[in-house]
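In what follows, a structure is listed as structure tokens, so that the remarks can point back to it.
Just so it is clear, none of the values below were taken in a lab; they were calculated from the coordinates. Small disclaimer: the values here were computed from a predicted structure and weren't measured. Reconstructed Cβ throughout: ideal geometry from the backbone, glycine too, with neighbour counts over all protein chains shown.
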Amino acid sequence: MVISDSTALKYERLDPDVRLMLRVRDDDAAAFEQLLLRHQSRLITILAHLVGQQSQAEDLAQEVFLRVYRARKRYVPGAKFSTWLFTIANNVARNSQRSMARRPEVNTMVTASGTRSAQPLEQMALAASGLMPTRQLDNVEMAEIVRVAIESLNERQRMAVLLSKFEDMSYADIAEIMEMSPQALKSLLSRARCKLREILEPYLDKGQRPDNVK
């Protein structure tokens, strides 16, 4: 894709991360470390909810930043840095999921400290569904219901919801990352929202758990 000088200058002026990446392009190791510190944690969170396993997400995040570094000499800012970064992350996650056979244990989200990373995911799923709890909920049970709800989404729906709710990205930015039109993205998110509501609403309103939650 050809990026005009005016577009590159616009993003350089508006986005401090783009300015850091341009320093990385000039082999500034300190700038790369700054980008790593600014984005690594958020990137791992997104990848963990995509692939379902913290250790794998950390490995994939390393792969993403390795690709960023390898591409530094070709870098020309045609979007916000975060949009470019998550485009790479989306491709890395998709390649990983294609090559990895599904295993039951990959669905257990574990943080670096060894505890389930449930609360942010619960908040994200509820926000995406547009539902609010009408009764006191058991946190452990709720985490399991949310896991089932998120797993009901296909790969593209899950990525769109995560970028929308965790990263608070615009439709335009998410559409660019996922290589689809903004209208197609809206349809994708609408289907994801309906799927989440289908599982979460009976539980939130009546305590009715999905069949695959014991």
>> Using Cβ contacts closer than 10 Å as the measure, can you line up Glu63, Glu155 from fewest to most?
In response: Glu155, Glu63
>> Can you work out the Karplus-derived ³J(HN,Hα) for every residue in the range 151-162? Use 6.51 cos²θ - 1.76 cosθ + 1.60 with θ = phi - 60°, whole Hz, and x for glycine or proline.
In response: 5, 6, 7, 6, 4, 6, 4, 5, 4, 5, 5, 4
>> Whole-Hz ³J(HN,Hα) for each residue in the range 15-24, computed from phi via Karplus 6.51 cos²θ - 1.76 cosθ + 1.60 with θ = phi - 60°, x for glycine and proline: what do you get?
In response: 10, x, 5, 5, 5, 5, 5, 5, 5, 4
